[in-house]
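Below is one structure, written out as structure tokens; comments come after it.
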Amino acid sequence: MTKRIARQVLLVARRELRGFFDQPTAYVLAVAFLGLGLFLSFRSLYAMSVASLRPFFDLLPWLLVVFVPAVTMRSLAEERRGRTFEWLIAQPLSEPEVVAGKFLGSWLFVLITLAGTLPMAAGVLAASEADAGIMIAQYVGAALLAAQMIAVGIWASSLTRNQITAFILGASVCFALLLIGTPVVQIGLPRVIGGWLLQLSVISHFENVARGVIDLRDLLYFASTCGLFLLLAVAALGRERLSPGGDAYRRLRVGTGAIALAVLVLNLLGGHVRGRLDLTDDNLFTLSEGSREILGGLDDIVNLTLFLSDDLPQEIQITVRDVRDLVADLRNASGGMLAVREVNPDDGENGEEEASSLGIQPIEFNVIGDDEFQVKRGYFGLALTYAGEHETIPVIQAAHDLEFRLVSGIARMTAEERPTLAFMTGFGAREPYDQTIASFRESVGDRYDVTSVNMETDSAATLDADSIDVLVVAAPQQPVTPEVADAVDGYLNAGGAALLLMERHAFHSQGPAAMTMPVATGLEDVLAARGVESTGELVFDLKSHERVTTRRGIFTVYQPYPFWPVASRGDEHATNRDLGNIGLGWASPFTWREDDPAVTPLWTTTESGGTRPTGAHVTPGLELVPSEGETGVHAVAVAVDPAAAATEEDDEGGGDEAERSGGRIVAVGDADFLEERFVRANSQNLVFAANAVDWLVQDEALIGIRSKDRTPPALVFESDAGRGALKWTSLIGVPALFILLGFARVTGRTKRAQRRWRAAREKEADIE
């Protein structure tokens, strides 16, 4: 029985799909959809230089609102208008089989059309380190969204014989499902009604899938709404054969209404269903192993209290759902050692007093009441408490960094002692409380005791590897004395660890021209003794770099600046794990013996990187024309781990372990990358620096959590030819392929019909 139904459904689907490819209208729709979607997507994709298909998938729901109803408007309306529906039903086919076949054929046509965007996706993957898992999830979400809208379109087509009426009705319902989830509608609705409509809206469910997570709640939404509209289509067709006063007709109405109500309740209460599949390459939406390690190692109860009002604005409800899911995952990973409470401070004075005592402040937002904007207050904060200490997040603004903030807070409160991070000051080096690196100080200050050691003025100052866990030397502007260099060398030989920010250039502006002046730190020999040389040259990258604004008369010009390279990840290392790139300013390269196992390149330029000697002009807008063979990959940050090299050499039976003694080093050929202007432009700068500190102190549990960066990597092409090939292959090649296929199919339709007619006649003649 099941096989027979499947055969019948596939028969109708094949007939429907063949009908699309035999009609010129379908090709016009496909080419228009692809042409408009790809054109607008490439404008955003290339303008932002970000390796992500979000520009296309953000636009996709609004394109499908028009495209899908245009595809489905003739599915059943044309059958009824042409009196062929009665012929279909006269065959051994039921209404559900006809509707299912029509749905499957239309869905396959839309999926084939969507496949026209795959060359764009493949090109982005080939040109960058884009997350393939996110793209897979985005296409899964597109397929689910298309299925839902096709079901709506088929239902609309089942109600009328007029294709235009079916198109208008289908497009209106699809548009309404999109519109009810937008802020412009939500802000004008009462909270309860707005919450219900948000649960029923396409936007929230599609956006959740498009970020790389297949959530069971979203699957239930798309599957249930798709099934509901297909059921309504079956009911619309079936009622024509039933007497309006008969029992069968009443049962049909009652059954359809009951199922519609069940689907509505399922989606309104579906927020309590949990379960998801994280398709992102780096498991961005799954608890990291570091979190599980820290939470699993708790030996005492830590309390987590989520302060959450019931009537928060609807536009943050997705964040509320993510926070609740994360808190539940943390509780499960702790084995019961994380005690979780959810408190609504609006329910009584005790909750409000508790929130206030922990530093949780109410937030204000607008709602519409009595036909005017009103200001309301609500709570959305979180507090951790343990042994008299507390860690507070007064207002949760986003969920993407919440795992790190919570787990690092738990690690800090439960740690027996805090490591020491000391800035070596003097000689023009940056101090820990320099406002230009305030974000870096704050990022490490919650887990490390940040101090400073002035090696220039304090003759009694020493660098003791037993009391200083990590030494930071941030861009000395004058050479340190030989005694200080020997002290740093001795600290490293004793097992100390150091973060060396080697600023080898001072920016100098004279009139309209700008240039760099050489800077010697006095620590070059310390690095050289460990096999790494800081050349002091100036790095540029012609393909991957930041853009700067300059004044040209009365206009502000936005132009590329190769001397601010956007470095790509080098070899795999704990410090650059899950990160895509960092941005630097006027950086210097490092060189070392290629077969040295102690040195790992962390960040490098592209193949279009090059160097200029110190003192070169660096004025924005200056054209760089390197000579043939001058460009190549240059490392701008390295890690030195003598212990790892000694282990490798011992395994190979060679080398002298004594020569490989000493502590770890992370050296960066730039200090500007930690300034606020660079950190604001690229948050991965700060993540890398914090990861480097954790790696140096040999505490890597938090690195995997902190490195969960959801910022897409840069889209960098090695040549203009590759950039143009991707764009024009997608914009012209794919639509042209559909046009050629359509021309061949449509013009050959008569010949195929004649062949089928002759074959039928010959078969009849053989029978006679």
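The values are calculated or read from the model by the stated rules, or taken from the named source; none is laboratory data. It should be emphasised that the depicted structure is a prediction, and the values quoted were computed from it without experimental measurement. Ideal geometry is used to build each Cβ from the backbone, glycine not excepted, and the neighbour counts take in all protein chains shown. Calculation scope for accessible area: heavy atoms of the full protein, side chains included, ligands and nucleic acids excluded. Shrake-Rupley method; radii C 1.70, N 1.55, O 1.52, S 1.80 Å.
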List the residues whose amide H sits under 5 Å from the amide H of LEU312, counting only those 5 or more places along or on another chain, with H placed 1.01 Å from N in the peptide plane. none
Sites ARG15 and GLU628, calculated FRET efficiency, Cβ-Cβ separation with R0 41 Å, nearest 0.05: 0.10
Once Lys and Arg get +1 and Asp and Glu get -1 on their Cβ, which of ALA637, ASN685, ALA6 lies farthest toward the positive end of the dipole of the chain? ALA6
With a 1.4 angstrom probe the carbon and sulfur portion of accessible area for the chain, in percent, totals 56 percent
For a protection proxy built on the mean count of beta-carbon atoms within 10 angstrom, sort 670-679, 415-424 highest first, please. 670-679, 415-424
With 0.36 nm assigned to each residue of separation and the Cα-Cα distance removed, ILE5 to ALA506 gains 172.7 nm
Amide H neighbours of SER452 under 5 Å, counting only residues 5+ apart in sequence or on other chains, H built in-plane at 1.01 Å? PHE423
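For the chain, with every protein chain kept in place, what is the accessible area per residue (1.4 Å probe, Å²)?
Accessible surface, normalised per residue, equals 46 Å².
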Could you sort the peptides 596-608, 396-408 by per-residue average Cβ neighbour count (10 Å cutoff), highest mean leading? 596-608, 396-408
Roughly speaking, what is the stretch gain from ILE136 to ILE112, that is 0.36 nm per residue apart minus the C-alpha to C-alpha distance, in nm to one decimal? 7.1 nm
Assuming R0 = 30 Å, what is the FRET efficiency of ARG680 and ALA223, from their Cβ-Cβ distance, to the nearest 0.05? 0.10
So the compactness index of region 35-79, its C-alpha Rg divided by 2.2 N^0.38 Å, takes the value 1.54
Using a Cα distance threshold of under 28 Å, what count of lysine pairs results for the chain when pairs must be 8 or more residues apart or interchain? 5
Quick one: Karplus J couplings for region 382-392, per residue in order, coefficients 6.51, -1.76, 1.60, θ = phi - 60°, nearest Hz, x for Gly and Pro? 8, 9, 10, 10, 6, 6, x, 9, 9, 10, 10
Highest average packing first - 741-748, 450-457, Cβ atoms within 10 Å: 450-457, 741-748
Evaluate E = 1/(1 + (r/R0)^6) for ASN350 and ASP299, where r is the Cβ-Cβ distance and R0 equals 25 Å; express this FRET efficiency to the nearest 0.05. 0.25
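In what sequence, largest accessible area first, do LYS102, LYS543 appear using a 1.4 Å probe?
Sorted descending by solvent-accessible area, the residues read LYS543, LYS102.
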For the residue pair THR747 and VAL557, what label-to-label distance in nm results when each label sits 7 Å from Cα along the Cα-to-beta-carbon direction? 5.0 nm
Calculate one ³J(HN,Hα) per residue across region 518-529 by plugging θ = phi - 60° into the Karplus curve 6.51 cos²θ - 1.76 cosθ + 1.60, and present them in order as whole Hz with x for glycine and proline. x, 10, 10, 8, x, 9, 4, 5, 4, 5, 4, 5
